[in-house]
Amino acid sequence: MCSGKEKAKGRKKKFNRNVLIVCAVIAPFTFGRIIYREQKFKTDYSIDLNNVNAAILVKPHSYASGPEHARITIVQFLDPQCHTCLSMHWTIKRVVSEFPKDIRVLIRYFPFRDEGRVAAALAEEAREIGKFDETLDEILSRQKEWGDGKYTSPALLPGFIAHIGLPSERFLDDKLLVKHKWKIDLDVADARQIGITKAPAVFVNGRMISLSYEALRAAVVGGLE
């Protein structure tokens, strides 16, 4: 006859064996779900638009600078209110300064808030009178003054860009956002179709890159080889 200790020991072994069986059954599903979630929400820095639709990335309405037939095309989706977009904007300019004859840059919008839309509309209006680059530079550089956190005031923007030589009355028009809304909406729709979830997103010759000077320069050099 088994003693009480032996019976308890036997029950413990049986319990441990059952736990192991349950874990063996559940584990693949659990880890499978974790891997799926990581893959689903992981930023993909190697989107190949040859497998999507390259026409979605480059649109004729987008502002472009640089040689028309440059070997390298950089497309930047930005939010004028985004701090990382400001950093990446200057990074792109830095790389362009190193290869001015080889790079063409297209600017597209992916604003998160209405304030970003207002800023984008101002840049587009400035574009019509040949002042896009300096206006966008000013808007981005003074983010903390007009669009930092919860204290946003896009109404200040026309004053910030007045020194560039833009007629202030033109930029105080309430219909300005309505006028340029279609461009911003199209950019946002294309970004979502590509799979972009937030700005900035930068593409070099159709491939999405990580957001650093080193990655951008390496992609440009690779495209020129």
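The values are calculated or read from the model by the stated rules, or taken from the named source; none is laboratory data. The model shown is predicted, which means the values in this text are computed figures rather than measured ones. Methodologically, a virtual Cβ is constructed for each residue, glycine included, from the backbone with ideal geometry; neighbour enumeration extends over all protein chains shown.
Some observations on this one:
- Conditions (1) modelled with pLDDT of 90 or more; (2) not in a helix (DSSP H, G or I): number failed by Tyr45: (1)
- So Arg33, is it modelled with pLDDT of 85 or more and more than 21 Å from Gly206 (Cβ to Cβ): no
- Here Lys198 clears all of (1) under 14 Å from the mean Cα position of the chain (by Cα); (2) at pLDDT 95 or above; (3) surrounded by fewer than 19 Cβ atoms within 10 Å (Cβ to Cβ); (4) within 16 Å of Gly116 (Cα to Cα) except the condition numbered (2).
- Contact annotation: residue pairs with Cβ atoms under 7 Å, 6 or more positions apart or on different chains, pairing a residue in segment 72-93 that is closer than 15 Å to Ala119 by Cβ and at pLDDT below 95 with a partner that is among the charged types (D, E, K, R) and surrounded by fewer than 19 Cβ atoms within 10 Å (Cβ to Cβ), are Gln81/Arg113.
- Candidate set: segment 134-167, residues that are acidic (Asp, Glu) and surrounded by fewer than 17 Cβ atoms within 10 Å (Cβ to Cβ); chosen: the one modelled with the highest pLDDT: Glu134
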